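Please read the structure below before turning to the comments.
The values are calculated or read from the model by the stated rules, or taken from the named source; none is laboratory data. Just so you know, these numbers come straight off a predicted model, no measurement behind them. Glycine gets a Cβ as well: all are built from the backbone with ideal geometry, and neighbour counts include every protein chain shown.
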Amino acid sequence: MAYTKYIDTTKCSACRGCMVSCKNWNELPAVNEAFQGSYQSHAAVGANTWCLIKFKEHEVNGKMEWHFMKDTCKHCVDAACVKACPQNALYHTEWGAVDRDWDKCVGCGYCARYCPFKVIQVQEYTEAGDIIIDDAKHPTFMEEPGCQNAVRKSQYKGAVVKKSTKCNHCVDRVEAGMKPACVTTCPSGALEFGDREAMIQKANARLAEVQAKYPNANVYNPASIDGTNAIYVLGEKPEFFDLPAKPVVPASLALWKDIVQPFGKVAMGATAAVAIASFILTRGKGGHHDDHDVKKGGEA
């Protein structure tokens, strides 16, 4: 059975409870950022901020209107990050989450390069697995209970280990019979988690309810990547929320994952295969089309 996160932007109140619970559960340090001229707390999802409430505003009938969206990993069914990884460190769980194997990840960054949603980052860690914070950029990161696993870059003198990092749908919680941390804390009903087909039906039903108020509303579950396991009800078109209307997996990734990698590892060994990956992946740049032709109501 596939499980999916349901995210309804028309119900989100921007309380940021999901952000706090995500950091608490995953023991991610709070890092400060320069004021962006917005109520939004961070510029984008990052290595230590796996989910972010985006603040979007526009004018409707002469009045300012807010839209709030939880940005996070979409857990694509046809995931570019999974295909880009030369070490098979990124993989799908049996129930649909895209997770990372710490031991296999070498921090090459190809997953971040090819993610059409730009939600994967490469993070530096100590040999013991503590997060290294660049205190030149974040001089006053929070050193409170729950964030003890972070050290300042200026004070760390040991070896640096690089790993990709992103939301993993709280794999440990889900496999223990619980819901993702962000879902449990949402007070407005904007977040739910459950059987994929049930969440798709819920999204389509909600779309019918809100289209009178939000004429550009749509269900965001892109067929171009075989859908996602984070399905959105958007109050505006995808591009309004900085989402690609038709994200795609570049053909170079399909060539690498399905043909070159299996042959290379058998015929030449893993080292040569990674070298070939570097050549192919650095030539095939991108991650999404600029085609914003989206049908109202989205696709399920």
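General observations
- Qualifying residue in the range 74-82 (condition: surrounded by fewer than 16 Cβ atoms within 10 Å (Cβ to Cβ) and within 23 Å of Val248 (Cα to Cα)): no
- Residues that are modelled with pLDDT of 95 or more, basic (Lys, Arg) and more than 22 Å from the chain's Cα centre (by Cα), drawn from the range 152-201: none
- Where strands (runs of 3 or more DSSP E) fall wholly inside the range 1-76, the ranges with 1 or more residues that are at pLDDT 95 or above and of a type in the set (Ser, Thr, Tyr) are 3-8.
- Just one of the listed residues (Leu243, Leu207, Leu253) is at pLDDT 95 or above, buried (at least 21 other Cβ atoms within 10 Å of the Cβ) and part of a helix (DSSP H, G or I), namely Leu207.
- One residue stands out among those in the range 1-54 that are aliphatic (A, V, I, L, M) and more than 17 Å from the chain's Cα centre (by Cα): the one that is surrounded by the most Cβ atoms within 10 Å (Cβ to Cβ), which is Val31.
- Any hit, the range 156-179, residues being of a type in the set (Phe, Trp, Tyr), in contact with a strand residue (DSSP E or B) (Cβ under 7 Å, 6 or more places away or on another chain) and closer than 21 Å to Ala30 by Cβ: yes
- Cβ-Cβ distances below 7 Å connect the following pairs, each with a first residue in the range 170-199 that is touching a residue at least 24 places away in the same chain (Cβ under 8 Å) and assigned by the TED database to the domain that holds Leu28, a second residue that is surrounded by 14 or more Cβ atoms within 10 Å (Cβ to Cβ) and acidic (Asp, Glu), and a separation of six or more residues or different chains: Val171/Asp99; Val183/Glu192; Ala190/Asp8; Met199/Glu192.
- Residue check for Ile120: crowded, with 20+ Cβ neighbours inside 10 Å, more than 20 Å from the chain's Cα centre (by Cα) and within 17 Å of Asn48 (Cβ to Cβ): no
- Pairing residues of the range 203-218 that are among the basic types (Lys, Arg) with residues that are not in a loop (DSSP other than H, G, I, E, B), at Cβ distances under 7 Å and at least 6 apart in sequence or on separate chains, gives Arg206/Asp8; Arg206/Val233.
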